[in-house]
Amino acid sequence: MVDRDNVGVVDTAVRALLACLFLAVAVEQVLPDSVSVILLVLGSALWITSITGTCYVYKLLGIDTYHAN
C-alpha cells in the first residue's frame, strides 16, 4: 500500500479547529451570505483534509508535514 498521508498531527489539529470555527460562523450567518459560503467551502475543505490526512495543495507544492524530519 502506498503511503499518501502528508498532513502531520499538529497540522491536522490546527485544520480541525479552523474547520470547526469556519463552519460554525458560516452556519450562524453572522456575516454576509457570500462570506458565509466562502467559509463553508473553506471549512469543509479543511475538515476533509484533516480527516483523510491528505492535502492536494501540499502535494502540488511538495510539502509534507507528516513525514517531516
* To do: Check residue 30 against each of (1) part of a helix (DSSP H, G or I); (2) open to solvent by 70 Å² or more (accessible area, probe 1.4 Å); (3) of a type outside the set (D, E, K, R) and name the one condition it does not meet.
  => (1)
* Structure fact -> residue 29 passes all but one of the listed conditions (1) at negative phi; (2) touching a helix residue (DSSP H, G or I) at 6+ places or on another chain (Cβ under 6 Å); the exception is number (1)
* Tally the residues that are open to solvent by less than 70 Å² (accessible area, probe 1.4 Å) and part of a helix (DSSP H, G or I), restricting the search to segment 33-53. => 9
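The values are calculated or read from the model by the stated rules, or taken from the named source; none is laboratory data. For clarity, every value in this text was computed on a predicted model and none was experimentally measured. Using ideal geometry, Cβ is built from the backbone for each residue, glycine included, and neighbour counts are taken over all protein chains shown. For the accessible areas, the whole protein counts, side chains as well, though only heavy atoms, and no ligand, DNA or RNA atoms are used. Shrake-Rupley method; radii C 1.70, N 1.55, O 1.52, S 1.80 Å.
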